[in-house]
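What follows is one structure encoded as structure tokens, with my remarks underneath.
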Amino acid sequence: MAVGRYLDTGTVAAFNITCGFQPMYVKVANLASTGSQVEWYQGMAAAEGVKRVTAGDFTLITTLGITQLSYGFTVGLDLDLNVTSEQISWLALG
């Protein structure tokens, strides 16, 4: 298991998180203005995720989500989640 936070104060873009293992589950949450979260489970395709914004319904996204890497994961450029100067918290389970 690994946890952390990420803050980008420049132009937002997809970014990689190194956790030292290939995760089987990833949850990324922006608890600031959008209150959004995306979860990825092993077996899902690259850039997919189960997304929830604020208290809304869960939806499957097929682009701009989370991509599993051998050493961590990539967080895509979902603009509800990945916002300039808003901290993102993440959890990865191996």
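The values are calculated or read from the model by the stated rules, or taken from the named source; none is laboratory data. Small disclaimer: the values here were computed from a predicted structure and weren't measured. Note that each Cβ is placed from the backbone with ideal geometry, even for glycine, and that neighbours are counted across all protein chains shown. For accessibility, only protein heavy atoms count, side chains too; no ligands or nucleic acids. Shrake-Rupley method; radii C 1.70, N 1.55, O 1.52, S 1.80 Å.
Quick look at the numbers
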item	result
Residue within the stretch 35-51 that is part of a loop (DSSP other than H, G, I, E, B), crowded, with 16+ Cβ neighbours inside 10 Å and more than 11 Å from the chain's Cα centre (by Cα) present	no
Selected residue [assigned to a loop (DSSP other than H, G, I, E, B), β-branched (Val, Ile, Thr), free of Cβ contacts under 8 Å to residues at least 60 places away in the same chain and open to solvent by 30 Å² or more (accessible area, probe 1.4 Å)] from Thr11, Thr54, Thr59	Thr54
Checklist (1) in contact with a Lys or Arg (Cβ under 7 Å, 6 or more places away or on another chain); (2) buried (at least 18 other Cβ atoms within 10 Å of the Cβ) applied to Asp80, failing item	(1)
Whichever residue in the stretch 62-77 is part of a loop (DSSP other than H, G, I, E, B) and under 10 Å from the mean Cα position of the chain (by Cα) and, among such residues, is farthest from Ser33 (Cα to Cα)	Gly76
Residues that are open to solvent by 30 Å² or more (accessible area, probe 1.4 Å) and either in a strand (DSSP E or B) or within 15 Å of Phe73 (Cα to Cα) (or both), drawn from the stretch 19-34	Gly20, Phe21, Gln22, Met24, Tyr25, Lys27
Search result, residues across the stretch 83-94 that are assigned to a loop (DSSP other than H, G, I, E, B) and closer than 18 Å to Gly35 by Cβ	Val83, Thr84, Ser85, Glu86, Gln87
Which numbered condition Asp80 fails, given (1) at pLDDT 95 or above; (2) part of a loop (DSSP other than H, G, I, E, B); (3) within 12 Å of the chain's Cα centre (by Cα)	(1)
